[in-house]
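S.K.: Sharing a structure here in structure tokens format.
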Amino acid sequence: MIVRYAFTASALALAAAAAPAFAQESTSESTGQSTNDIVVTAQRVNATEVTNGGDAGVLGNKHAVDLAFSIRSFDESLILNQQPLTLGEVLDNDPTVRSTYGFGNAAELFVIRGFALFGDDVGLNGLYGIAPRQIVAPELYDSVQVLNGASAFLNGAAPGGSSLGGSVNLKLKRAGFDPLTRATLGYTSGAHFGGSFDVSRRFGANGEWGLRVNGAYRDGETSVDREERRTQVIGGALDYDGGNFRAALDLAYQNVRIDALRPKVTLGDSVTAIPAVPEADANQAQAYTYTEMRDVFGTLSLEWDIADNALLYARAGARDGREDGNYGGITLTDAATGDGFDDSLIVPRTDNNEAVEAGLRVNLGETVTHEFNFGGSINWQTNRNAFDFRDEFAANIYHFEPMPLPPSTVASWNPGGDLDDPFPRVKSRLWSAFASDTIGLWDDSLLITGGLRLQTIRIDSYSAADGQLEASYDEDAITPVVGVVFKPLPYVSLYANRIEALQQGPNVPLDESLQNSGGVLAPRKSTQYEAGAKLALGRFLYAGLAFYQIERPGEGVIENPDGTERYGYIGDQRHRGIEFTLNGEPVEGLRLIAGLSTIDAELDTGSEVAGVPGFTANANVEWDLPFVQGLTLTGRMTHTGEQWVNTANTLRLDDWTVFDLGARYVFAAGGKPVTLRLTVDNVANKRYWASAFDAFESALLQGRPRTVNASVSVDF
């Protein structure tokens, strides 16, 4: 391992040392530019930046200062520079987001404002259910947009039932105005190699047609011992811009396989202490565990300016997904010795999802302006899966011992369906209709938004054993929104909002003492109140400050006046917090992406919510060295505060801080810009428990070990 690190670092150092020979002041015959101009331009293009604003759902694309919500976008330059393997590694740059895994397999889960955002509920080009659901390879995307807070009015109810504290929307790459032909070779420790390409052109007399094709292939062992990942992605976008009519077709394919994924450590009921963290690269996964996910997906977007002040739009998407895996886990029974037991679960799964949204946006008035939004959406999802549990066996989190695949236990107690041809398990249909008006006063220095969205959730659940219908859920709810933005100066805005999140209601336990035994509660609404301020000084500086409270109704047994009992909503889970974000280039050549978040998350019992750190902070810095042309130094600090492991608040994780360092070097070779990148994540190889957030149990996720990333890109 050390030899590989040394080889990679030495190769890049030699290339950097040799590069100045290519960067002497001269004129390229192929471009007519001086080599210095080529280097300066490429260094600026490679700069890692954040866009303040993005797709605010039915309200459209907005700059942050014009929105009563917190939204920002990480663009493709960050993905190219940092070489993240997953979407979670992109979101690690956001001080208000923390990532973990859920459900015992390679399913990334994101914690925003103390609530879970499942991979199932990540949007793609503004539509739910179309993005790959468990692991998202970042190479295909132009931007990763993060909206902090509830968004049932803006985006509709999330089909997976999450997105209470925030949402993520991915935008696939499309052709820009400048031609692009880029090839990249990359390396990630331990022995993970890959390459990617990206080609973009515009055609036609006025460049009205655009075509962009990009793809990537990566394979090999990661910095975690014995963990291997293979990623294959390719995407294409064809778009047309005819002035008042625009259309875009995006198609993509992703195949990800992970072998021996390091599992989370579930704490058994008898555990009364936090176990010591294993070696940084330790892995308790058995060789037979794996997950392979194949997705074919795409969207079609249409926009028609039917008048100077009216836009008619529609977008549709579909995804065909297949997952196969043997998911392993380890349950700790003795924190001192690390003893416990291992188990595994085989699950084949397919998904067929479709989504459609259409609307009309009209702008009226001069002294007093109105922006009206009308429209509707519908989302269909069909999930087929089966399962096969395997026998448990003794294991230890500090001493790995390889074992053969144990025998099945399913046939002895509960049939898990047909593994070769799974039955449909869940069919869902969510549809909605929305209307809103944003009123602008005093030259739009005061913007007031009000809107309503009627949402219907229908879910049919089927038996795993024989595919017969077991239960149906068909409920509706209205989710309103109120937002206010006041701009005393063009670059300063004060804002406030009241908005809701919406989930399918929980199942009522089977208990004859309950009046509604075996039923399902009405949709659960969570209510958010938020106020804040934003300062936008162009590229120079952006700062955002938000204060929020989210209340989610709890559930339990309620005694009726006549002494009978029923199950219903009772009590509240309340999250209060402050978020501060900062990005920009306050000094030429010095760029910042930073911020912090504090959260007080409490249950109605008075206990704090498990897995939610009270304080998080990030600081990313890039510095273009003025005395070495083409050289950029990078650094990142990530801090996560203490977090409770269990709802009883008897076990707590320590806070942790990791540091990453890196450098980029741009030089010209043959009139073409070449970029070398080297980063080292977790420089100190710190051992730490990264997260205790889990959807079902008390479980710990170990942080990544020291990881070296190196790449070279050439723009032809």
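The values are calculated or read from the model by the stated rules, or taken from the named source; none is laboratory data. The model shown is predicted, which means the values in this text are computed figures rather than measured ones. Virtual Cβ from ideal backbone geometry, glycine too; neighbours counted across all protein chains shown.
S.K.: Can you list residue pairs whose Cβ atoms sit under 9 Å apart, with the first residue in the range 21-47 being closer than 11 Å to LYS672 by Cα and at pLDDT below 80 and the second being outside any loop (DSSP other than H, G, I, E, B) and of a type in the set (Lys, Arg)? Count only pairs 6 or more apart in sequence or on different chains.
M.R.: Hits for this filter: SER28/LYS672; SER30/LYS672; THR31/LYS672.
S.K.: How many residues does the range 40-73 contain that are part of a helix (DSSP H, G or I) and among the aromatic types (Phe, Trp, Tyr)?
M.R.: Number satisfying all stated conditions: 0.
S.K.: Going through SER167, SER162 one at a time, which residue ends up being modelled with pLDDT under 95, surrounded by 24 or more Cβ atoms within 10 Å (Cβ to Cβ) and on the phi < 0 side of the Ramachandran plot?
M.R.: SER162
S.K.: Considering each residue of the range 392-422, count those that are surrounded by fewer than 16 Cβ atoms within 10 Å (Cβ to Cβ), of a type in the set (Gly, Ala, Ser) and closer than 23 Å to ALA471 by Cβ, and give that number.
M.R.: 0
S.K.: Please list, ordered by first then second residue, the pairs with beta carbon atoms under 8 Å, 6 or more apart or interchain, first in the range 306-331 and closer than 22 Å to SER377 by Cα, second of a type in the set (Phe, Trp, Tyr).
M.R.: LEU311/TRP304; LEU312/TRP304; TYR313/TRP304; GLY317/PHE297; ALA318/PHE297; ARG319/PHE297; ASP320/PHE297; GLY321/PHE297
S.K.: Further, regarding this structure: Kindly evaluate ALA175 against the criterion of being in contact with a strand residue (DSSP E or B) (Cβ under 6 Å, 6 or more places away or on another chain) and over 30 Å from ASN685 (Cα atoms).
M.R.: On the way: in contact with a strand residue (DSSP E or B) (Cβ under 6 Å, 6 or more places away or on another chain): yes; over 30 Å from ASN685 (Cα atoms): yes.
Against the criterion (in contact with a strand residue (DSSP E or B) (Cβ under 6 Å, 6 or more places away or on another chain) and over 30 Å from ASN685 (Cα atoms)), ALA175 qualifies.
S.K.: I'd like to check something: does the range 239-258 contain any residue that is within 21 Å of PHE400 (Cα to Cα) and surrounded by 18 or more Cβ atoms within 10 Å (Cβ to Cβ)? Lay out the reasoning, then the answer.
M.R.: Initially, the range 239-258 is screened for residues within 21 Å of PHE400 (Cα to Cα), giving 258.
With the extra rule that they be surrounded by 18 or more Cβ atoms within 10 Å (Cβ to Cβ), the set shrinks to 258.
Yes, that holds for at least one residue.
S.K.: Test of understanding: among LEU172, LEU185, LEU180, which residue is surrounded by fewer than 20 Cβ atoms within 10 Å (Cβ to Cβ) and in contact with an Asp or Glu (Cβ under 7 Å, 6 or more places away or on another chain)?
M.R.: Answer to the check: LEU180.
S.K.: When the range 563-610 is examined, which residues are found to be small (Gly, Ala, Ser), farther than 22 Å from ARG652 by Cα and without any contact (Cβ under 8 Å) to a residue 12 or more places away in the chain?
M.R.: Passing the criteria: only GLY563.
S.K.: Still on this structure, please answer the following. Can you pull out the residues in the range 509-526 that are of a type in the set (S, T, N, Q) and crowded, with 18+ Cβ neighbours inside 10 Å? It would help to see each step written out before you state the result.
M.R.: Of all residues in the range 509-526, those of a type in the set (S, T, N, Q) come to 513, 515-517, 526.
Within the range 509-526, SER526 is the sole residue that qualifies.
S.K.: Any chance the range 682-697 includes a residue that's touching a residue at least 60 places away in the same chain (Cβ under 8 Å) and under 21 Å from THR632 (Cβ atoms)?
M.R.: Among the residues of the range 682-697, at least one is touching a residue at least 60 places away in the same chain (Cβ under 8 Å) and under 21 Å from THR632 (Cβ atoms), which makes the answer yes.
S.K.: Kindly evaluate ARG425 against the criterion of being of a type outside the set (Val, Ile, Thr), touching a Ser or Thr at 6+ places or on another chain (Cβ under 6 Å) and buried (at least 18 other Cβ atoms within 10 Å of the Cβ).
M.R.: Criteria not met by ARG425.
S.K.: I would also like to ask the following. Under 9 Å between Cβ atoms, at least 6 apart or on separate chains: pull out the pairs that start in the range 450-470 with a residue that is more than 22 Å from ILE378 (Cα to Cα) and end on any residue that is outside any strand (DSSP E or B) and aliphatic (A, V, I, L, M).
M.R.: ALA464/ALA386
S.K.: Restricting to the range 613-666, count the residues that are surrounded by fewer than 18 Cβ atoms within 10 Å (Cβ to Cβ) and among the acidic types (Asp, Glu).
M.R.: Here the count works out to 3.
S.K.: Right, something else. If you go through the range 632-661, how many residues are touching a residue at least 60 places away in the same chain (Cβ under 8 Å) and within 16 Å of ARG677 (Cβ to Cβ)?
M.R.: 3
S.K.: Do you know which of the residues in the range 394-424 that are touching a Pro at 6+ places or on another chain (Cβ under 8 Å) and at pLDDT below 95 is nearest to ILE274 (Cα to Cα)?
M.R.: Per the criteria, the residue is LEU419.
S.K.: Kindly state which strands (runs of 3 or more DSSP E) lie completely within the range 219-325 and contain at least 3 residues that are within 27 Å of GLU139 (Cα to Cα).
M.R.: Numbers: elements: 228-241, 245-259, 265-267, 290-307.
Once the strands (runs of 3 or more DSSP E) in the range 219-325 are filtered for at least 3 residues that are within 27 Å of GLU139 (Cα to Cα), what remains is 228-241, 245-259, 290-307.
S.K.: Also, I was wondering about something else. Please enumerate the residues belonging to the range 639-672 that are under 30 Å from THR272 (Cβ atoms) and among the hydroxyl-bearing types (Ser, Thr, Tyr).
M.R.: Those that are under 30 Å from THR272 (Cβ atoms) and among the hydroxyl-bearing types (Ser, Thr, Tyr): THR640, THR647, THR650, THR657.
S.K.: Okay, moving on. Residue under question is PHE659, and the condition is that it be in a loop (DSSP other than H, G, I, E, B), aromatic (Phe, Trp, Tyr) and under 24 Å from the mean Cα position of the chain (by Cα); does it hold?
M.R.: For PHE659, the condition - in a loop (DSSP other than H, G, I, E, B), aromatic (Phe, Trp, Tyr) and under 24 Å from the mean Cα position of the chain (by Cα) - is not met.
S.K.: Consider the range 580-612. How many of its residues are among the charged types (D, E, K, R) and over 27 Å from PHE696 (Cα atoms)? Steps first, answer last, please.
M.R.: Start the filter on the range 580-612 by keeping residues that are among the charged types (D, E, K, R), which leaves 585, 588, 591, 600, 602, 604, 608.
Still in the running and over 27 Å from PHE696 (Cα atoms): 585, 588, 591.
Matching residues across the range 580-612 total 3.
S.K.: Name the residue that is surrounded by the fewest Cβ atoms within 10 Å (Cβ to Cβ), counting only residues in the range 339-391 that are within 25 Å of LEU441 (Cα to Cα) and among the hydroxyl-bearing types (Ser, Thr, Tyr). Walk me through how you get there before you give the answer.
M.R.: Step one: of the range 339-391, the residues within 25 Å of LEU441 (Cα to Cα) are 359-375.
The next check asks that each one be among the hydroxyl-bearing types (Ser, Thr, Tyr); those that pass are 367, 369.
Values: THR367: 8, THR369: 16.
Checking each candidate, the answer is THR367.
S.K.: Would you call VAL136 assigned to a strand (DSSP E or B), within 26 Å of GLY102 (Cα to Cα) and in contact with a helix residue (DSSP H, G or I) (Cβ under 7 Å, 6 or more places away or on another chain)?
M.R.: no
S.K.: Identify, by number, the condition in (1) in contact (Cβ under 8 Å) with a residue 24 or more places away in the chain; (2) in a strand (DSSP E or B); (3) farther than 30 Å from GLU227 by Cα that GLY186 doesn't meet.
M.R.: Exception for GLY186: condition (3).
S.K.: Moving on to the next point. Look at the range 624-641 and say how many of its residues are in a strand (DSSP E or B), of a type in the set (A, V, I, L, M, F, W, C) and within 17 Å of GLU588 (Cα to Cα).
M.R.: 2
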